[in-house]
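Following: one structure in structure tokens, then a few remarks.
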Amino acid sequence: MRKLKFDVAIAGGSFAGMAVARGLTQALGPDIRLAIIDRTNPEMAKAAPDSRAFAIWAGTKTILEGLGAWEAMSADAQAVTSIEISDSNIDDAFRSAKVTYDAHTKDGAPAAYIVPAASLAAALYKTIANDPAITWLAPAEIDGLLLGEYASELTLRDGRAISAALTIAADGRNSKLRDDAGIKTIGWPYPQTGIVARVKFEEPHGGVAIQHFLPGGPFAILPLPHNRACITWSADKDEAARVTALDDEAFLAELDRRIGGRFGAITLDGPRQSWPLDVRIARRLIAPRFALVGDAAHGVHPVAGQGVNLALRDAAALIEVLADAGRLGIDFGNGTHLERYQRWRRFDSAMSASLYDGINRAFAIDSVVLRAGRGAALGVLDKLPTLKDYIIAEAAGITGDLPKLARGCPV
């Protein structure tokens, strides 16, 4: 069987993987040859249930606009009007918001939107589905990786062989290719399970996003269009096992206890899903003829809803450095541009993972004394509008050394 040759091979049709493919063909035109290798693609996986939704912050929205993907998902996106944070017990009679943020940037635009995961995947896929420069190899699984001096070599389970100047691993936090490339990780499991459910409210949610820090883990209400919401809940493993075993009526009653009846009666609007939570950060983002993006580089706790934003910032940075190299005729897999990518994204990845881990740990401790201290600190923060504006700008991804796509500039 003959070897398939490409300039870039992307392992994993994830959000980051599709974004990199789209950005490179935009920047370098039809002469670049790319492959995306995955078990499936968003068109094939359309029927699979997915109740997840993501907070797409302003900087990430700008990236998606630059890639031509935002318009296709905008009808499914809910602008966040405000963000409320509270720290309480489940059965507290009164659950006040300790901090309330106006979720707008200085120019008055929404700082964040909530977008269903399926809509994000479909919109990104639409940008590349008919691109002649991109070859989808799906369904396909990679059995082997060899990083040679002149090319990276991939062997597929069906016997096909692929050669590329650069292989990009976008295959998730349990990345097999990352391990095959000899890149070690640092991480640990959490004593928590992530639970996701999509619901419909009886009363208007008004676009407010809510983060309740409850004993056992954070409980988030992410607003969606048509008075729906995505519930993202990190619960103690034993509690999660109990709750996920309940029938729909009892499960909704548990949700209502945590929501506190604020939006009236609630009904399920999709399947319930759950998975174990952990954190895993790659010690390096590159190897010879190899690079990591997205969760393969940094799988973080979902407490701040920033995972997909980190992934798409990775993609925007990698697109830029590879486009610059391509225009100069530099080998994609062999040059200082990969070191530039690593320097650019490593600090953001490590600091973000540490911050989200710290927030989760600090608020998961169920102590009257600590809760009083946290409440006092949040109360002080609520009275500091300048600091709150800074926090929103940082979360929105519109500060710092941003890739061109995040600044609204063509690559």
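The values are calculated or read from the model by the stated rules, or taken from the named source; none is laboratory data. Model, not experiment: these values are computed from the prediction. Cβ coordinates were reconstructed from backbone atoms using ideal geometry, including for glycine residues, and neighbour counts include every protein chain displayed.
Looking only at residues in the stretch 115-131 that are assigned to a loop (DSSP other than H, G, I, E, B) and not acidic (Asp, Glu), the one that is surrounded by the most Cβ atoms within 10 Å (Cβ to Cβ) is ALA129. Evaluate the following for GLY206: is it among the small types (Gly, Ala, Ser), within 27 Å of TRP275 (Cα to Cα), part of a loop (DSSP other than H, G, I, E, B) and touching a residue at least 40 places away in the same chain (Cβ under 8 Å)? So GLY206 fails the test. Take PHE347 and decide whether it is among the aromatic types (Phe, Trp, Tyr), under 19 Å from ALA406 (Cβ atoms) and under 22 Å from the mean Cα position of the chain (by Cα). Spelling it out, PHE347 is indeed among the aromatic types (Phe, Trp, Tyr), under 19 Å from ALA406 (Cβ atoms) and under 22 Å from the mean Cα position of the chain (by Cα). Only one of these is crowded, with 24+ Cβ neighbours inside 10 Å and not in a helix (DSSP H, G or I): ALA21, ALA55. Name it. Answer to the check: ALA55. When restricted to residues that are surrounded by fewer than 17 Cβ atoms within 10 Å (Cβ to Cβ) and of a type in the set (D, E, K, R), the stretch 211-235 contains 0. Residue check: ALA311 meets all listed conditions (1) more than 16 Å from the chain's Cα centre (by Cα); (2) outside any strand (DSSP E or B) but one, namely (1). Reported count of residues in the stretch 326-345, each being part of a loop (DSSP other than H, G, I, E, B) and touching a residue at least 40 places away in the same chain (Cβ under 8 Å), is 4. Those residues that are within 15 Å of TRP233 (Cβ to Cβ) and small (Gly, Ala, Ser), I need them from the stretch 254-287; list them, please. GLY260, GLY270, SER274, listed by residue number. A count restricted to the stretch 266-305 and to residues that are among the charged types (D, E, K, R) and farther than 12 Å from SER349 by Cα stands at 4. Considering the stretch 132-142, and only residues there that are aliphatic (A, V, I, L, M) and in a strand (DSSP E or B), the residue that is farthest from ASP7 (Cα to Cα) turns out to be ILE142. When GLU320 is tested against the conditions (1) assigned to a helix (DSSP H, G or I); (2) within 20 Å of ILE85 (Cα to Cα), the lone failure is (2).
Give the stretch 68-93 a look and list any residue that's at pLDDT 90 or above and within 21 Å of ALA235 (Cβ to Cβ), or say none. Matches in the stretch 68-93: GLU84 only.
To keep it simple, each residue is scored yes or no on (1) in contact with a Gly (Cβ under 7 Å, 6 or more places away or on another chain); (2) surrounded by 15 or more Cβ atoms within 10 Å (Cβ to Cβ); (3) among the small types (Gly, Ala, Ser); (4) at pLDDT below 75.
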position	(1), (2), (3), (4)
VAL300	yes, yes, no, no
ILE319	yes, yes, no, no
ASP324	no, yes, no, no
ARG327	no, no, no, no
ASN334	no, yes, no, no
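Scanning the stretch 268-300 for residues that are farther than 26 Å from ILE168 by Cα, in contact with a helix residue (DSSP H, G or I) (Cβ under 7 Å, 6 or more places away or on another chain) and in a strand (DSSP E or B) gives LEU268, SER274. Note on the stretch 350-366: among residues that are in contact with a helix residue (DSSP H, G or I) (Cβ under 9 Å, 6 or more places away or on another chain) and over 17 Å from ASN309 (Cα atoms), the one that is modelled with the lowest pLDDT is ILE365. If only residues of the stretch 143-182 that are within 27 Å of the chain's Cα centre (by Cα), assigned to a loop (DSSP other than H, G, I, E, B) and of a type in the set (D, E, K, R) are counted, the one that is farthest from ALA316 (Cα to Cα) is ARG173.
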